[in-house]
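> Would you mind keeping the following structure in view while I ask a few things?
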Amino acid sequence: MSLPTTLRRVVKRDIGGGLLVLVIGTAAAVTAENYTIGSVQNMGAGFFPFSIGVFLAIVGFLIAIVGLIKNETQPASVASEWRGWACIAIGIASFVVLGQYGGLVPATFSVVFISALGDRRNTVISAAALAAVAVVIAGVIFWWALKIPFPLFHWGVA
Amino acid sequence: MIGQTLHDLWLGFGVALEPHNLLWSFVGVLLGNLIGVLPGMGALSAISILLPLTYTMHLIPAILMLAGIFYGSQYGGAIGAILLNLPCHPSHAVTCIDGYKLTKAGKGGTALGITMLASFFAASVGIIVMIVASPLLVKIAFDFGPAEIFAIMLLGLLCGATMSRGSKLKGLAMTGLGLLIGCVGTDVNSGTARYTFGFVELSDKVELVALALGLFGVAEFLRNVNQFAEIGKMAKVRFRDMRPSASEIKQALPAILRGTFIGTLFGALPGTGPTITTFVALALESKIGKNRKKIGTGIVEGVASPEAASHSKTQVDFIPTMSLGIPGDPVMALLLGALMIQGVQPGPQLVNMHADLFWGLIASFWVGNVILILLNVPLIGVWVKLLRIPYQYLYPTALFFISIGVYSTNNSLFEVGEVLVFGVMGAIFAFFEFPVAPILLGYVLGPMVEENFRRSLMLSNGNFNIFYEHPIALSFLGVCGFLVCVQLISTFISYARRGARQQNASA
């Protein structure tokens, strides 16, 4: 009774995705109950989000059901790539943090440096070199030429 | 009346071709184009960054330059969308679908050439329509009440949801999710903060640019990291591939015509932005186009039709923006703001009181589009070189441009964080094989759908008959119902066929 691996993964995807939508919809509808729902004549702030939430829950449920009864074979399209994922996410997060506590130069350096390390072909040196180039671009194009209000170095709450 | 119009237009060309006005137009197009090409920087960020420059300028050069920045960056944005799958202006989101596939197939240059042709043609038609039909279109636009706008938006949402390949249910789910994201922020009617999770920054809605770049840019990098070396490497970009061949132009032509038609039609409707227009154009193309089955696999029609639609829409859009003061999308709203800063009150009086501005602007559209073509024919080769950058350098640099581009839209680091959240969300849904483009559509239309739905039911005291009593609204709703029925029937038929085939196979 065991399904082939690829098949099982596809089936799981529809069910997983459907359930995810179901959960989001339910959460949205439940949250919307805190806002005034009102009536059709006089809709409150919660009416529209509540309806959307219910709609999402139903559609999510249907997707999961279709996933259960459908048996299509399709291999998984993306392999796990935790290093790349983590580096990209941490890179952007570091831009936010260092943008606040550091300034444009450290923020630029860290977003490029950290996310570049996510690619296996990059070494620490090549990532640092790329980050240095980006810092120059940031300084010349954005800070000097376009004059965006983002100090090169600063500390604390802007 | 036409004679008067032509006379005004002639004066307008006089204004637009005055050397210093022409110069500022050129500067605008050039800057807009250069900024628009940077991944993460679209028309919205280009105009917001350069807006302060115009404060000290005279009214007409200022507006001409801003308009130049606008279509320069719009075209520049198409470059990013096609070559790097980065839609900086949400209206390019659907262009990405086929455009990026073309790039992956080594035909990025062709796609750019087709885009240029499509936009020039569509913009020209849009300008002509704007000149000839403005009074008429303004009159039609006045007939559109909340019920009509709600109906047309519902149609747009349905088209967008069912346009994507694969499961229509998944498309619907993503549209719903987009509507939900559109609810985030302060409710206009009651002032209630919805889904802000305690963040003050969210009370002013989710940032559109952050959403678009997260869903398409960051999510794409998350999916592609370590998957391949070079975008262009999958197929070699040869020099002669850069210009579209005659047969490709012929293939794209009907799509350009249909896209232009859709764009012109939607242009007159206040409140319908270019994003919905491009979605409808591509949806139409995937329903009645000659190669409708292949839409989404990387064919020139998939680029030509939405780009033509958005450019003709954009031109015609100036009618409600200038004469009614109703902007169709955030960019138009910015331009409107620029006009008001200069002390010009948009509205029905504008055409009479500032005839030189209005007609000068129209004439400069043409001039500007010619400049754009002259500028980009030699530059296509340069843009295509972008693809030769190894992926290991490309994506970190692009992430930097995205971060700073989003930051510069509102000078807010919080919105850079939004990019990350939406990037992860987009990657998760892409993993579950959901189409992400409808999220954007739902987000853009959501607030307007809600507002017009609430307003129309308020007008009718909660009576749904308001939608039956307005013929325009009713016909749009009828098309919606028709679409749903067609979808259900075709799903049913395909299931029945599959069932029959399986029975045959087992027999």
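Bear in mind that the values in this text are calculations on the coordinates, not laboratory data. Since the model is a prediction, treat every value here as computed from it, not as a measurement. So basically every Cβ, Gly included, is an ideal-geometry build from the backbone, and we count neighbours across all protein chains shown.
> If you project the alpha carbons of the range B:391-507 onto their three principal axes, what span does each projection cover, largest first, in Å?
Ordered largest first, the range B:391-507 gives principal extents of 59, 52, 19 Å.
> Separate question: Calculate one ³J(HN,Hα) per residue across the range B:412-422 by plugging θ = phi - 60° into the Karplus curve 6.51 cos²θ - 1.76 cosθ + 1.60, and present them in order as whole Hz with x for glycine and proline.
Once rounded to whole Hz, the list reads 10, 6, 4, 5, 5, x, 4, 4, 4, 4, 5.
> Return the long-range amide H neighbours of A:H154 (sequence gap of 5 or more, or a different chain), with a cut-off of under 5 Å between placed amide H atoms.
The answer is A:G102, A:G103, A:L104.
> From the cross-link list A:K147/B:K385; B:K101/B:K170; B:K168/B:K313; B:K104/B:K385; B:K168/B:K293, which pairs have alpha carbons spaced over 19 Å apart? Walk me through the numbers on the way to the answer.
Working: A:K147/B:K385 28 Å; B:K101/B:K170 21 Å; B:K168/B:K313 27 Å; B:K104/B:K385 14 Å; B:K168/B:K293 15 Å.
From A:K147/B:K385; B:K101/B:K170; B:K168/B:K313; B:K104/B:K385; B:K168/B:K293, over 19 Å: A:K147/B:K385; B:K101/B:K170; B:K168/B:K313.
> Let me ask you something else. Filter the chymotrypsin sites (Phe, Trp or Tyr not before Pro) in the range A:104-158 to those in DSSP coil with at most 15 other Cβ atoms within 10 Å of their Cβ, and list the result.
Here the chymotrypsin sites (Phe, Trp or Tyr not before Pro) that fit, given the DSSP loop and packing criteria, are A:F153, A:W155.
> Just to confirm the filter: which chymotrypsin sites (Phe, Trp or Tyr not before Pro) across the range B:413-504 are DSSP coil and have at most 15 other Cβ within 10 angstrom of their Cβ?
Working: sites: B:F414, B:F422, B:F429, B:F431, B:F432, B:Y443, B:F453, B:F464, B:F467, B:Y468, B:F476, B:F482, B:F492, B:Y495; in loops: B:F432, B:F464.
Sparse-neighbourhood loop chymotrypsin sites (Phe, Trp or Tyr not before Pro): B:F464.
> On to the next question. What does the average come to when, for each residue of peptide A:47-60, you count the partner chain Cβ atoms lying within 10 Å of its Cβ?
6
> Could I ask something else about it? Could you rank the peptides A:41-54, B:394-407 by their average count of other C-beta atoms within 10 Å per residue, with the highest value first? Let's see the in-between values first.
Working: A:41-54: 21.1, B:394-407: 28.1.
Packing proxy ranking, top to bottom: B:394-407, A:41-54.
> Follow-up question, since we're still on this one. Among B:T56, B:A427, B:W10, pick out the residue whose Cα is farthest towards the positive end of the charge dipole of chain B, where Lys and Arg carry +1 and Asp and Glu carry -1 on C-beta, about the Cα centre.
Towards the positive end, the residue furthest out is B:A427.
> Here is a further query. Which parts of the range B:177-214 would a label at A:V66 reach, counting a residue when its backbone N lies under 16 Å from a point 7 Å out along Cα-to-Cβ?
Output list for this probe position: B:177.
> Short version: ³J(HN,Hα) in whole Hz for each residue of the range A:56-64, in order, from phi by Karplus 6.51 cos²θ - 1.76 cosθ + 1.60 (θ = phi - 60°), x for Gly and Pro, what are they?
Listing the rounded values in order: 4, 4, 5, 4, x, 4, 4, 4, 4 Hz.
> Let me ask something additional. Roughly how many debye, to the nearest 20, is the charge dipole of the protein assembly as shown about its Cα centre, given +1 on each Lys and Arg Cβ, -1 on each Asp and Glu Cβ, and no other charges?
2560 debye
> Long-range amide H contacts for A:G46: which residues qualify at under 5 Å (H placed 1.01 Å from N, peptide plane, sequence gap of 5 or more or a different chain)?
A:T36, A:I37
> On to the next question. Could you work out the Kirkwood radius for chain B, taking every pair of different alpha carbons, averaging 1/r and inverting it, reported in Å? Provide the component values of the computation, followed by the final result.
On the way: mean 1/r = 0.0432 Å⁻¹.
Evaluated on chain B, it is 23.2 Å.
> So, R0 is 25 Å and r is the distance between the beta-carbons of B:Q4 and B:I472; what FRET efficiency does that work out to, to 0.05?
Here the calculated transfer efficiency is 0.25.
> Right, here's the next one. Return the aspartates and glutamates within reach of A:K12: Cα separation strictly under 17 angstrom, same-chain partners fewer than 8 residues apart disregarded; answer none if there are no such residues.
Straight-line reach from A:K12, under 17 Å: A:E72, B:E433.
> Of B:M116, B:M353, B:M65, how do they rank once you tally other Cβ atoms within 10 Å and put the fewest first? Don't skip to the answer; put the middle values down first.
On the way: B:M116 21, B:M353 12, B:M65 28.
The fewest-first ordering by Cβ neighbours comes to B:M353, B:M116, B:M65.
> To continue, here is another question. Measure out, as a whole number of angstrom, how far apart the alpha-carbon centroids of the range A:137-157 and the range B:152-230 sit.
30 Å
> Working from Cα positions, state the angle (0 to 90°, nearest 10) between the long axis of helix A:5-32 and the longest principal axis of chain A.
90 degrees
> Would you grab the residues whose amide H sits under 5 Å from the one on B:R194? Only those 5+ places off in sequence or on another chain, please, with H modelled 1.01 Å from N.
B:G185, B:T186, B:D187
> Right, another one. With the Cα gyration tensor of the protein assembly as shown in hand, convert its eigenvalues to equivalent ellipsoid semi-axes via √(5λ) and list them largest first in whole Å.
35, 32, 26
> Could you run the Karplus curve 6.51 cos²θ - 1.76 cosθ + 1.60 with θ = phi - 60° over the range B:204-216 and give me ³J(HN,Hα) per residue in whole Hz, x for Gly and Pro?
Karplus-based 3J(HN,Hα) across the range B:204-216 equals 9, 6, 6, 6, 4, 4, 5, 4, 5, 6, x, 5, 9 Hz.
> Taking the Cα atoms of the range A:82-145 alone, what are Rg (to one decimal) and Dmax (as a whole number) in Å?
Radius of gyration, then largest Cα-Cα span, for the range A:82-145: 11.6, 38 Å.
> While we're here: Based on the Cβ-Cβ distance of A:T123 and A:W82, what FRET efficiency does E = 1/(1 + (r/R0)^6) give at R0 = 25 Å, to the nearest 0.05?
E between A:T123 and A:W82, to the nearest 0.05, is 0.80.
> Going by Cα centres, the range B:390-454 and the range B:1-32 are how many Å apart?
36 Å
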